[in-house]
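A quick write-up on the structure given underneath.
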Amino acid sequence: MDQNDHPDNPLAPLRDEIDRIDARILELINQRLRIGEQVGAVKKKEGSQILDRVRERMVIENLSSINQGPADKELIQYIFNVIITATREIQKPKTIAYLGPKASYTHIAALNHFKHSGRFVQQPNLFDIFRDVERGQSHFGVVPVENSIEGAVNHTLDLFGEFNLNIISEHYEPVSHDLLSITGEPSDVKTIYSHPQAIAQCKGWLKKKFPHVDVMETTSTSKAAQMASVDESVAAIASQKAAHIY
């Protein structure tokens, strides 16, 4: 038994109570979202707008006025802004296209930018993201434009010339690469796969640590992680999130 789980540990009952509260919070959030779906259905039937800033502001102001602490006003506003946004999005979820598979850096950027609210659709390449948005099959597309080491992503810039689309927002996402493999043993690695941008960003490290290993390009870092997950001789340069998923 873990020392922290010992019945004589004074933290044990407190943590049990926190777990019960967390479960109740989760239940209430999902209940709120289900009611939000019903509200969305009524608004759609009446032809009303989904976004109601006056109502949302009243909700925040009311919660702030009845708050007895120790949560401060800023924390209450932050938490309920996220919940209200999720409730609004579930009434009319946005579709966001990104360069897949899951756990690519554009997927991570999309999740963070849209606060995990919406329906996220993976596409195999940048062209399909642009085409998806132009055809109206997705409301938004998240594409890489520039990184601090390699500069502009020229293929993305070229596609803006081919499609009648506009940039409506920017998102800055910190990128940290990991080398992923099944065994975790460098000696097992015979081939390393990743997206060309990630390979370019890590080229100095790769030459130093794996001078005799073949480095191959693929369509995304998460695609590389998928490949590494089924072959012990393959490693992938990808995100930590990709390690958890694949």
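The values are calculated or read from the model by the stated rules, or taken from the named source; none is laboratory data. Small disclaimer: the values here were computed from a predicted structure and weren't measured. Cβ: placed from backbone, ideal geometry, glycine included. Neighbour counts: every protein chain shown.
Annotations
- Residue match in region 109-130 (condition: touching a Gly at 6+ places or on another chain (Cβ under 6 Å), part of a strand (DSSP E or B) and under 30 Å from Ser48 (Cα atoms)): no
- Residue list for region 70-91, restricted to those being closer than 19 Å to Ser117 by Cα, free of Cβ contacts under 8 Å to residues at least 40 places away in the same chain and out of contact with any Leu (no Cβ under 8 Å at 6 or more places or on another chain): Gln77, Tyr78, Ile79, Asn81, Val82, Ile84, Thr85, Glu89
- Taking every residue in region 23-45 that is basic (Lys, Arg) and pairing it with any residue that is modelled with pLDDT of 90 or more, at least 6 positions away or on another chain, the pairs with Cβ-Cβ distances below 7 Å are Arg32/Ile83.
- In the condition set (1) on the phi > 0 side of the Ramachandran plot; (2) surrounded by 14 or more Cβ atoms within 10 Å (Cβ to Cβ); (3) of a type outside the set (A, V, I, L, M, F, W, C), Gln201 is compliant with all but (1).
- From the options Asn67, Asn30, residue that is more than 27 Å from Gly118 (Cα to Cα), of a type outside the set (Ser, Thr, Tyr) and modelled with pLDDT of 90 or more: Asn67
- In region 132-155, the residue that is farthest from Lys203 (Cα to Cα) out of those that are surrounded by 17 or more Cβ atoms within 10 Å (Cβ to Cβ) and in contact with a helix residue (DSSP H, G or I) (Cβ under 9 Å, 6 or more places away or on another chain) is Ser138.
- Meets criteria (in contact with a helix residue (DSSP H, G or I) (Cβ under 6 Å, 6 or more places away or on another chain), in the same structural domain as Met227 (by TED's automatic domain parsing) and either on the phi > 0 side of the Ramachandran plot or hydrophobic (A, V, I, L, M, F, W, C) (or both)) for Ala103: no
- All positions within region 159-194 that are exposed (fewer than 12 other Cβ atoms within 10 Å of the Cβ), within 24 Å of Gly141 (Cβ to Cβ) and among the acidic types (Asp, Glu): Glu162, Glu170
- Residue that is over 30 Å from Thr219 (Cα atoms) and exposed (fewer than 12 other Cβ atoms within 10 Å of the Cβ), where the choices are Asn62, Asn67, Asn81: Asn62
- Test for Ser229: is it within 21 Å of the chain's Cα centre (by Cα), within 17 Å of Pro144 (Cα to Cα) and not charged (D, E, K, R): no
- The set of residues in region 31-50 that are surrounded by fewer than 12 Cβ atoms within 10 Å (Cβ to Cβ) and not in a helix (DSSP H, G or I) comprises Gly47, Gln49.
- Taking the criterion of being closer than 18 Å to His107 by Cβ and not aromatic (Phe, Trp, Tyr), the residues of region 183-200 that qualify are Ser194, His195, Pro196, Gln197, Ala198.
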